[in-house]
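Shown next, in structure tokens, is the structure this report addresses.
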Amino acid sequence: MLINTYGARHALSAFRTYATRVREARDLGVILLKPGYPKLAKILGAMADVHLKVTQECEVPIVYGIKSRTDFYAFEMDVSNGCAMPNLHQ
């Protein structure tokens, strides 16, 4: 929504400010970027300490690390104990 409202250039400026504040506070920041912005994804990936990618194969959500490189993990919800708990399976 930020990109659609303000444009990629102004959104990138806001992301840089956000990243600086997160690092100064030694905090955790999360930015979600939908497909369709490959140049912006490359820039944000370079700014990040950790870069995760979420995709889908055969209707199963897959999570893997791009920075630091990790294996692929299938994401599923375990409801065996009465409440939904996310599980990652390699």
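Here the dipole of the chain is about 700 debye; that uses its Cα centre as origin and unit charges on the Cβ of Lys and Arg (positive) and Asp and Glu (negative). Each of the peptides 64-74, 49-59 was scored by the mean count of other Cβ atoms within 10 Å over its residues; in descending order, highest first, they stand as 64-74, 49-59. Cα-based values for the chain, radius of gyration first and Dmax second, are 15.8, 47 Å. Spatially, segment 10-33 and segment 50-76 are offset by 22 Å when compared through their Cα centroids. Legend: calculated FRET efficiency, residue 85 to residue 42, from the Cβ-Cβ distance at R0 = 25 Å, rounded to 0.05, equals 0.15.
Since every read-out is calculated from the coordinates, none of them should be taken as a lab result. Just so we're clear, the structure is a prediction, and the values are computed from it rather than from any experiment. Neighbour counts are summed over all protein chains in view; Cβ atoms, including those assigned to glycine, are modelled from backbone coordinates with ideal geometry.
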